[in-house]
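No value in this document is a laboratory result; all are computed from the given coordinates. Predicted, not measured: the structure shown is a model, and the values here were computed from it. Note that we place each Cβ from the backbone using ideal geometry, even for glycine, and neighbour counts take in every protein chain shown.
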Amino acid sequence: MIRAVTGETSSGPGRFVVLNDQPVEIAEDDLLGASETARGLVDLITDSHVSTPFTIAIDAGWGMGKSSLMRLMRTELEQRGTPTAWFNAWTSGPDALEVLIKTVLLTFDRNIVRRAYHRLMKRRRVVGALRVVISVLAGVTRSVPVVDRIWQALSVDAKARNEIREVVREMAEDWVNDGSTGGRQLVVFVDDLDRCSGEVALTVCEAIKLYLDVPGLVFVIGCDQAVLDAKVRESGGSAAQARDLLEKIVQVNYRTPVPDEELLRHLVDGFAARSGIRHLLGTTEPGLIAQRTSRNPRRIKRLINSFVLEYNLSPQWQRFGASALVRVVLLQHFYPGFYRSLTNPASGDLVQEFLTYHRIRAACRAGQRPEPAEFFTQHEVTPPVPTADREELLNSLHLLEQELPVSFPELVLDSDFVSLLGQLAEEEHFGSLLDHLQHGWRTPLAGTAEPPQGWAGALQPGAGGGPEQQPPPAQQWFPRTGRQVLWIDQDVLIRPDAANEKLLQSIEGIAHLEVVPDLASARQLLQVSKPDLLISDIRRDGDPYARMNALAALRADGTYDGPVIIYTSRVTPSRIKLAEQIGAMAITSDPEVLQDWIQRLPFPPGTSPTAQS
């Protein structure tokens, strides 16, 4: 059960609440100013009653408020006394033609349907199936199985379909002229057309053109036209069909504009207030949220909901504070690469490292002596002398940046990121928070140093492992049943964490994996079997280049000359150069990139993807 937690919301004090994803229907709930647009479009519809039939397309991307604008239009029309109908093309599925036509016909007045029924009964040429469907519409029967059988008959009867077109036209003409004033309209909203398959989208558009192009009807279609065109092409349609799909039926196309800066901040403030987190946001966070979500209202809601859910479901966050979680969630969503490195225990305090770099960079660029000098030596760079001029300071800064994560020089130019990280570092319990992010989810193996079960063949560290141990036969190491991967990493074996366990399981899904703790163990294995890929880190036992030197030795003596990927906690310019020097095909700290490289490996001769273990 989700618990209520401290906050302030429109639903009452002391609550954080999840925002729903339902379209806005009334002006009071409209935070994007769409109500004014809705009224303008409704004015256009009602003023153009003599021009029916016609179709308006509301063109916008996913999550940009198409459905809300259409719902607001519908509310405005109904307040003015104009009948409406709502048709969801996506949920109608393959029966879209049937559902759409019935949605329209069953909206007409019952007496009009009855008059049409009596007229049709006098026509000898009316087919039997059509008589039954008119009876259904007239209220003679409403049995769902009967309706299904009727429509099945109509779907293969061209004459019956021609009759349907005539029936709809006659009913629409009667309905238009039946009101106290001329020019009645029925506005039919078609939503989620771009979520349908290309076949269904074509069916809906053809129905509007062939069967429902009658006086009094106005269609309002909501879709992302670019996505709709792609769906048609994916379904085997031609580029011409995709281009002409809506052009044949649409007379007015309205492309919803991207909200401006002021409107977006108002939207973020409104969503934050409704969820109860507004008081947790500083002056920069609303702008950051607006920009980094591509100004998409639905993405903004999802970001806020992810905070509410995490805070409610994880009691430890109440110890660190809601404001800390807000900043962690922003890091996780908008700077996933930095967040992933931050949560790696091998990264240390990446927040303070970045902020120190930010201060040193500012000092060097201003021609001032950077402090602390120890920051340079910690990264194995000679600090600038006290009398260094600006050019010398910039050169020292350049050397320092070669030993820092490659993302730092780019992130330091992002004022929102710098501000976000500064606020996170100022949190009262930041030290404990960092420890929780790096170690709170780790799962040590009951005080043992043995690797998890399932990694058969992995040499274990300690007694019984090492050079003196005789390896088993080669076929037990690498059965030739697909890609073979050898990973040299002691930490994976001794200190496994949830992230690495997940990565190892993912790799085992695409390759046969063996994990060994050190170079000696790797040499043993390589003497009897050759993997298709070798993965290794760089550092070992405090030596920043130990693994690089070891891999270079394997290359030099011919023990292994195959592809190598360096998987490390941080990727720096200097490490990239070293990786190039030993002929590694990639260096990365991203587990998804690592898996992608493994999947690119060709299968050994005589094996196939289906033969993997």
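Structure notes:
- The calculated FRET efficiency for the pair T284 and R369, based on their C-beta separation and a Förster distance of 30 Å, comes to about 0.50.
- Computed from phi, the 3J(HN,Hα) profile of segment 430-440 under the Karplus parametrisation 6.51, -1.76, 1.60 (θ = phi - 60°) reads 4, x, 5, 5, 4, 4, 5, 5, 8, 10, x Hz, with x in place of Gly and Pro.
- Sorted by Cβ density within 10 Å, fewest first, the residues R299, R600: R600, R299
- With coordinates expressed along the principal axes, the C-alpha atoms belonging to segment 372-412 extend over 30, 20, 14 Å, beginning with the largest.
- Amide proton proximity set for T284, modelled H, under 5 Å, gap of 5+: none
- Modelled spin-label separation between Q22 and L210, with each label point placed 7 Å from Cα along the Cα-to-Cβ direction: 3.7 nm.
- Neighbour-limited loop hits for chymotrypsin sites (Phe, Trp or Tyr not before Pro), segment 19-90 (at most 12 other Cβ within 10 Å; DSSP other than H, G, I, E, B): W62
- Estimated inter-spin distance, R165 and W90, nm [label 7 Å along Cα→Cβ]: 3.2
- Estimated FRET transfer efficiency (T382, A556; beta-carbon r; R0 22 Å; 0.05): 0.15
- Too-long pairs where the Cα-Cα distance tops 23 Å, listed order kept, from K66/K301; K209/K231; K502/K530; K530/K577; K66/K231: K502/K530; K530/K577
- Selected from H279, P336, N305, residue furthest toward positive end of dipole (segment 278-349; charges at beta carbon): N305
- Long-range amide H partners of V381 with built H, under 5 Å: none
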